[in-house]
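A.B. asks: Structure provided below as structure tokens; questions to follow.
The values are calculated or read from the model by the stated rules, or taken from the named source; none is laboratory data. The shown structure was predicted, so the numbers you read here are calculated from the model rather than taken from an experiment. Heads up, the Cβs are rebuilt from the backbone with ideal geometry, glycines too, and the neighbour counts pull from every protein chain shown. The protein model used for the area step is the full one, side chains on, heavy atoms only, and it has no ligands, DNA or RNA in it. Shrake-Rupley method; radii C 1.70, N 1.55, O 1.52, S 1.80 Å.
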Amino acid sequence: MRAHRARVGLILAVAVAAAASCAGRESTLDAHIGSSRTVVDAPPAPSAKPSGAPSHVAGVSPAPAAAAPPPDPCAAGVAALRRSECPRPADWPPDTQSLEVRALSHVLAEPRRRADYIGKVTRGTRVAWTRVLPGSEVPEGDVRTTRKTWGTRKPCEFWVNIEPAGYLCTDQLKPSSLPPEGRQQPALRAGGLLPFAYYAVLNDATPVYASVDDIRASTVKKPLSKKYMVVGGGVTDVDGVPYMKTDHGFIEQGALGRYGASAFSGLDLRAQPPASWPFAWLVGARGAKVKVFAEANKEAEVVRRAARREIVPVLEEQGEFVRIAAAEWIERAQVRIARLTEPPPGATEASQWIDVDLDEQVLVAYQGRTPVFATLVSTGRNKHATPPATYRVRAKAATTPMMGGDKDSPHRYEISEVPWAVRFRDGLFIHTAYWHDSFGNVVSHGCVNLSPRDAAFLFDWVEPKLPDGWSEVEVPLGRGAFVRIRDRERPTPDAHDYSAEEPVASAKPAQASP
């Protein structure tokens, strides 16, 4: 399935497009929030003089230290409003404490319409700012015409350098007397596993209506197939028939089936380290117990039946069986083994990296050589197999729609607002799958599927952190966490070549496989 990296609509709640790349550019966001994140492979800062060197040579006076430039009085956010010489819109009241974002907006790396974007900030977020810059007329042709364009095409009167980084035009903001505030994204409902209520379309050619009037007039906006999954909101009664308002339009409630998300979660190895390595999960069929034999033989006595996803030590492997205790053997096909492995080339003791074992359908996340988290995943099957390679995290999106197939094709499918999506190459993410509970088995169309709890954990752990109120952040090429996807034939896969991926400003709408 494919994710529109430029989708900017906000439907029923914050909807986020899957990120595009910032190849070859270190974004201002990276510079601003670097102090709160692990910088992967950053060289040590050069010393001002060799260790142990004298401060001056005998008979020669040391050169005077360069004077620090005076502070810019107009780069002081709220304080600059009181200075008449500092640029600002005329309609900003003197009690302005923050700037409220009018609609889901791309944050740009530079104060110009065609700049690469470094993330997105959600509607209603009140941002702080450091300075306001006068805009200028946009030269002829100096506007993007791709679907990545956000906001108006007209020139920007003033650009605002917002906190923690990047630029928004004042036409995307309105002054507020309230202090800065942003809500962590995605915003979960109290006690919920997911940010939205998700539904399957139960029948092909299910009609969708744009409004209640269209329902009464039988004016169909478009039909949806069973390959669609939608976000549902409130229910409206229309002449005795309940219709649900979804991100696609009004759909008869009886034509939708509610998804119940998996409650499975992996292991936070810092809080719950395994008794020994390797260890394994048992992956019997849902609701079924796993037979435990007295010997490595299917004809042997069944000594007990273990629970699905029980965690067990791996003490010995013998043919098609694994020993998990004295006189306790389980068929190898029922076991998914987590093993320690070496870091990918280029990773340091400070590096975050994620190892995905395609044969075992197991993910282990590391900080340096220390395992931090382990869980079961679902990767691509058959012709959609997840390609082995060593990747880098390129972006994080709080939620993103995913789709595939031609727009008018009967084989078109679409999955609404997939939460906690970490992109590691064009079209491929590590993300939540709210539509299945088959972790430990290949299921996806290419992405690495996780349960909601696991996806949320990994999304929060992997740097950079999403600033409050931001729904997406870009990661400069070569600075993100390593993501190594390997199998038995390619245990140390080559680094992925990102040169073929288009830069943000010229990229076509991306598509992604869930």
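A.B. asks: When segment 232-258 is examined, which residues are found to be open to solvent by 60 Å² or more (accessible area, probe 1.4 Å) and either of a type in the set (A, V, I, L, M) or touching a Pro at 6+ places or on another chain (Cβ under 8 Å) (or both)?
C.D. replies: Within segment 232-258, Val235, Glu252, Gln253, Gly254 qualify.
A.B. asks: Scanning segment 480-498 for residues that are more than 8 Å from Ala389 (Cβ to Cβ) and acidic (Asp, Glu), which turns out least open to solvent (accessible area, probe 1.4 Å)?
C.D. replies: Out of the qualifying residues, it is Asp487.
A.B. asks: Let me ask you something else. Being of a type in the set (D, E, K, R) and surrounded by 16 or more Cβ atoms within 10 Å (Cβ to Cβ) is the requirement here; does Lys222 meet it? Steps first, answer last, please.
C.D. replies: Values: of a type in the set (D, E, K, R): yes; surrounded by 16 or more Cβ atoms within 10 Å (Cβ to Cβ): no.
Answer is no for this residue.
A.B. asks: Scan (1) open to solvent by 10 Å² or more (accessible area, probe 1.4 Å); (2) more than 17 Å from the chain's Cα centre (by Cα) for the single condition Val372 breaks and write down its number.
C.D. replies: (1)
A.B. asks: Follow-up. Return the residues of segment 157-197 that are assigned to a loop (DSSP other than H, G, I, E, B) and of a type in the set (A, V, I, L, M); say none if nothing qualifies.
C.D. replies: Within segment 157-197, the first condition is being assigned to a loop (DSSP other than H, G, I, E, B), and the residues that meet it are 157, 163-166, 177-180, 182-196.
Within segment 157-197, Ala165, Leu178, Ala187, Leu188, Ala190, Leu193, Leu194 qualify.
A.B. asks: Among the residues in segment 222-244, are any among the aliphatic types (A, V, I, L, M) and at pLDDT below 95?
C.D. replies: yes
A.B. asks: Kindly provide the set of residues from segment 446-467 that are touching a residue at least 60 places away in the same chain (Cβ under 8 Å), surrounded by fewer than 20 Cβ atoms within 10 Å (Cβ to Cβ) and assigned to a helix (DSSP H, G or I), ordered by number.
C.D. replies: Arg453, Trp461 - these are the residues of segment 446-467 that are touching a residue at least 60 places away in the same chain (Cβ under 8 Å), surrounded by fewer than 20 Cβ atoms within 10 Å (Cβ to Cβ) and assigned to a helix (DSSP H, G or I).
A.B. asks: Before we move on, is Val235 of a type in the set (Val, Ile, Thr), closer than 29 Å to Val418 by Cβ, part of a strand (DSSP E or B) and in contact with a His (Cβ under 6 Å, 6 or more places away or on another chain)?
C.D. replies: Values: of a type in the set (Val, Ile, Thr): yes; closer than 29 Å to Val418 by Cβ: yes; part of a strand (DSSP E or B): yes; in contact with a His (Cβ under 6 Å, 6 or more places away or on another chain): no.
No; evaluated as a whole, the condition is false for this residue.
A.B. asks: For Glu299, work out the one condition from (1) over 30 Å from the mean Cα position of the chain (by Cα); (2) part of a strand (DSSP E or B); (3) charged (D, E, K, R) it doesn't fulfil.
C.D. replies: Every listed condition holds for Glu299 apart from (2).
A.B. asks: Give the residue that is farthest from Gln334 (Cα to Cα), with candidates limited to residues of segment 260-300 that are open to solvent by 20 Å² or more (accessible area, probe 1.4 Å) and polar (S, T, N, Q).
C.D. replies: Gln272
A.B. asks: Let me ask you something else. Filter segment 375-398 down to the residues that are crowded, with 21+ Cβ neighbours inside 10 Å, touching a Ser or Thr at 6+ places or on another chain (Cβ under 7 Å) and not aliphatic (A, V, I, L, M), then identify the one that is nearest to Tyr198 (Cα to Cα).
C.D. replies: The residue in question is Ser378.
A.B. asks: Since Val303 meets every condition but one in (1) out of contact with any helix residue (DSSP H, G or I) (no Cβ under 6 Å at 6 or more places or on another chain); (2) at pLDDT 95 or above; (3) open to solvent by 20 Å² or more (accessible area, probe 1.4 Å); (4) within 25 Å of Leu450 (Cα to Cα), which condition does it not meet?
C.D. replies: If we test Val303 against (1) out of contact with any helix residue (DSSP H, G or I) (no Cβ under 6 Å at 6 or more places or on another chain); (2) at pLDDT 95 or above; (3) open to solvent by 20 Å² or more (accessible area, probe 1.4 Å); (4) within 25 Å of Leu450 (Cα to Cα), just (4) comes out false.
A.B. asks: Could you figure out which of (1) modelled with pLDDT of 90 or more; (2) open to solvent by less than 30 Å² (accessible area, probe 1.4 Å); (3) part of a loop (DSSP other than H, G, I, E, B) isn't true of Gly124?
C.D. replies: (2)
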